[in-house]
Amino acid sequence: MNILNNRNKKNSIFKALALCLFAALSLTVVSCDDDMDIQQSYPFTVETMPVPNKVTKGQTVEIRCELKKTGDFANTLYTIWYFQFEGDGTLEMDNGITFLPNDRYLLENEKFRLYYTAKGNEAHNFIVVVEDNFGNSYELEFDFNNRNVKDDGIISVVPIGNFKPIMR
């Protein structure tokens, strides 16, 4: 009789454990959601210090920039590129890289400096675009020697804002 009681206790314990395991597994499966709420992409802006509105041939203008992010994801990479649509000049990064128009360069720091050197006295207009690897981007337009600009010696950079780049 003792053997039957031990066997019944073992069966009862086994059934209780199996029932608990089944309940835990059921709750785990039901509570799982395929849509994970992990945000990787955060909007950002690029702030700059004011720059002169006039530049002469051979003169270099320093453009101090700072990336302002609304959030941070460890695997976010930022790239920078520029396009000059009026005038002739060169744009360099503070790490010594001279930009080629429409080529992307890795942006290694949140605070960085750009140096624009004019090769002529005409109007100089170009855009600088900072993009992340999630498709967010921010565009700044620089306009030197434009006759329509008030001649107080300083201009503020015009942020064009976030945009989706056109496939190139």
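Bear in mind that the values in this text are calculations on the coordinates, not laboratory data. Just so it is clear, the structure is predicted and the values come from calculations on it, not from any experiment. Every residue, glycine as well, gets a Cβ built from its backbone with ideal geometry; the counts of neighbours run over all protein chains shown.
What ranking do 82-94, 134-146 get when scored by the average of other Cβ atoms within 10 Å per residue, highest first?
For the peptides 82-94, 134-146, the packing ranking is 134-146, 82-94.
Output the peptides 60-67, 121-128 sorted from most to least packed, where packing is the average of other Cβ atoms within 10 Å over each peptide's residues.
Per-residue Cβ counts within 10 Å, averaged per peptide and sorted highest first, yield 121-128, 60-67.
The 3J(HN,Hα) values that the Karplus relation (6.51, -1.76, 1.60; θ = phi - 60°) gives for the stretch 64-79 are, in residue order, 8, 10, 9, 7, 10, 9, 8, x, 9, 10, 4, 9, 7, 10, 10, 10 Hz. Gly and Pro appear as x. Using only side-chain charges placed at the Cβ, +1 for Lys and Arg and -1 for Asp and Glu, the dipole size of the stretch 44-162 relative to its Cα centre rounds to 220 debye. For the stretch 116-123, 3J(HN,Hα) computed residue by residue from phi via the Karplus equation (6.51, -1.76, 1.60; θ = phi - 60°) reads 9, 10, 7, 9, x, 9, 6, 5 Hz, glycine and proline entered as x.
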